[in-house]
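Report on the following structure.
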Amino acid sequence: CQRANAVFEGLKAEHARWAHIRSVFLKVKNANRGDPLEDIEREFGNYLSVMSEGNIKLESIGEELNTSITSGNSQLTAAILSEGTKDTVSLAFRLAVLRHLYPDGGCVAVFDDPFTDMDPKRTKQACRLIEEFAKDNQVIFVSCDEKYSELMPGNIIRV
């Protein structure tokens, strides 16, 4: 009878552990029921707006990451974008995804001439965004253009 009680008590303790694990799992699952792309969409839109001074707007991101982007009343497609605007959209999306993947910082991001074709205003805003991103992350910025050393502080290594 003592052995049966010991086995029973052991099973009760194991059940309690599994019940606790289930409880924690359900709590986390319910807390994460929102749209997983919601923060990416919000940040992507913010970055686009900052770099384009409000001229380019993200309307939506679909489940397969297809985007709807406008400028004024015009729908923008990849076929009609200038190279500078493509750089703007690409950098905005990349920063948004990195923020999503590393919300507390701690990532290493390498940017190899990410805004070569941007106009000076967008370049200045993009540098500011990368500088802000670098506060919580390790950023390696590669360029052969000296102008970026004036636009972004940090350690400069010339090769």
Pop the C-beta distance of Glu63 and Glu131 into the FRET formula with R0 = 22 Å and round what comes out to the nearest 0.05. 0.10
For an R0 of 30 angstrom, estimate the FRET efficiency from the Cβ-Cβ distance between Lys12 and Glu38 and round to the nearest 0.05. 0.10
Taking R0 as 22 Å, what FRET efficiency do you get between Ala78 and Arg158 from their Cβ-Cβ distance, rounded to the nearest 0.05? 0.05
Scan around Leu76 for amide H atoms under 5 Å from its own, H built in the peptide plane at 1.01 Å from N, and keep only partners 5 or more places away or cross-chain. Ile69, Thr70, Ser71
Here are several values of volume of the Cα convex hull per residue in Å³: (1) 167; (2) 100; (3) 329. Which one was derived from the coordinates shown? (1)
Can you give me the % of accessible surface on the chain that is carbon or sulfur? Probe 1.4 Å, all protein chains present, nothing else counted. 52
Under 5 Å between amide hydrogens, which residues at least 5 positions from Phe141 or on another chain qualify, with H placed 1.01 Å from N in the peptide plane? Phe111
With θ set to phi - 60°, apply the Karplus curve 6.51 cos²θ - 1.76 cosθ + 1.60 along the range 51-65 and write out the HN-Hα couplings as whole Hz, x wherever there is a Gly or Pro. 5, 9, 6, x, 7, 10, 10, 8, 7, 6, 10, x, 4, 9, 6
How much length is gained if the chain between His20 and Ser49 is pulled fully straight, taking 0.36 nm per residue apart and subtracting their Cα-Cα distance, in nm to one decimal? 5.9 nm
Per the rule of 0.36 nm per residue minus the C-alpha distance, extending Val142 to Thr116 adds in nm 8.2 nm
Mind listing which GluC sites (Glu not before Pro) in the range 49-79 are in a DSSP loop and have 14 or fewer other Cβ atoms within 10 Å? Glu53, Glu63, Glu64
Could you order the peptides 112-125, 81-94 from most to least packed, using the average number of other C-beta atoms within 10 Å per residue? 81-94, 112-125
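The values are calculated or read from the model by the stated rules, or taken from the named source; none is laboratory data. No experiment lies behind these values; they were computed from the predicted model shown. As a convention, Cβ positions derive from the backbone with ideal geometry for all residues, glycine included, and neighbour counts pool all protein chains shown. SASA here: full protein model, heavy atoms, side chains in, ligands and nucleic acids out. Shrake-Rupley method; radii C 1.70, N 1.55, O 1.52, S 1.80 Å.
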